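First the structure, in the form of structure tokens, and then the observations on it.
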Amino acid sequence: MDYSPIVAPVVALVAWTLVVMLWMVVARAGEFRRLGVTFDNIPPGARGADLEGRADPRVQWKSHNYTHLLEQPTLFYAIALALALIGQGDGINLWLAWGYVGFRVIHSLVQATVNIVRWRTLFFALATFCLVGLTVHAAANIIHYSSCPLAREGGGELDMGRPAELADRADPVEGKLASASSLASRAKVAGLQLT
């Protein structure tokens with residue numbers, strides 16, 4: 001089964017999020033024992049935020065980071081999967097995706113252990129830079145293909161097209177095979193010369 005390479009960093013970040021969740025649960029279990037918190041004495045509707053000021057801040061850092069991994073990374077998942085769907089999940093986009101994941105992992109390790117805000121901010125900014133790059137590349141690709149005569153084949157419907165190196169592979173969205181000859185005929189119909 002073929003899949004876009006950009007799916008791998010998506011899976012990696014989900015796996016890391018689950019590792020941080022487990023780390024948080026283990027840290028909180030120890031803190032609950034220290035505070036004497038049990039299922040019998042937790043008030044209805046209690047949340048982790050209710051521990052602020054009572055629990056050791058070092059324990060709460062893991063929880064804070066887990067929450068952060070459920071915020072901005074949702075944008076990463078969306079843009080990475082969008083890039084996969086439009087056939088742009090490799091090359092520089094793959095590097096940016098792995099950069100995003102790497103910087104988020106480092107951000108987690110800093111926040112959950114030493115929590116130096118200067119370092120957290122640096123790694124958050126670097127991850128955000130990667131996310132912006134992915135978004136710009138996706139938008140540029142969509143704008144490019146929506147304005148390209150080859151992309152408007154079929155009565156104005158958007159056909160994202162296929163790069164030449166993928167010409168003989170199945171289209172991931174439509175499941176069709178695009179051959180080099182069909183791409184050449186599309187170009188001829190559009191009045192373009194392919195060299």
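The values are calculated or read from the model by the stated rules, or taken from the named source; none is laboratory data. Since this is a predicted model, take the numbers as computed values, not measurements. Methodologically, a virtual Cβ is constructed for each residue, glycine included, from the backbone with ideal geometry; neighbour enumeration extends over all protein chains shown.
Would you call L18 surrounded by 11 or more Cβ atoms within 10 Å (Cβ to Cβ), assigned by TED's automatic domain parsing to the domain that holds L96 and touching a Leu at 6+ places or on another chain (Cβ under 8 Å)? Answer is no for this residue. On the given criteria, is A49 over 21 Å from I116 (Cβ atoms) and surrounded by 12 or more Cβ atoms within 10 Å (Cβ to Cβ)? So A49 does not fit the description; no.
Total residues in region 11-56 satisfying the condition of being touching a residue at least 12 places away in the same chain (Cβ under 8 Å) and among the small types (G, A, S): the figure is 5.
Okay, residues lined up against (1) touching a residue at least 60 places away in the same chain (Cβ under 8 Å); (2) outside the structural domain of R28 (by TED's automatic domain parsing); (3) of a type outside the set (G, A, S):
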{"site": "P73", "(1), (2), (3)": "yes, no, yes"}
{"site": "G87", "(1), (2), (3)": "yes, no, no"}
{"site": "D90", "(1), (2), (3)": "yes, no, yes"}
{"site": "F103", "(1), (2), (3)": "no, no, yes"}
{"site": "L109", "(1), (2), (3)": "no, no, yes"}
{"site": "I116", "(1), (2), (3)": "no, no, yes"}
{"site": "V132", "(1), (2), (3)": "no, no, yes"}
{"site": "A138", "(1), (2), (3)": "no, no, no"}
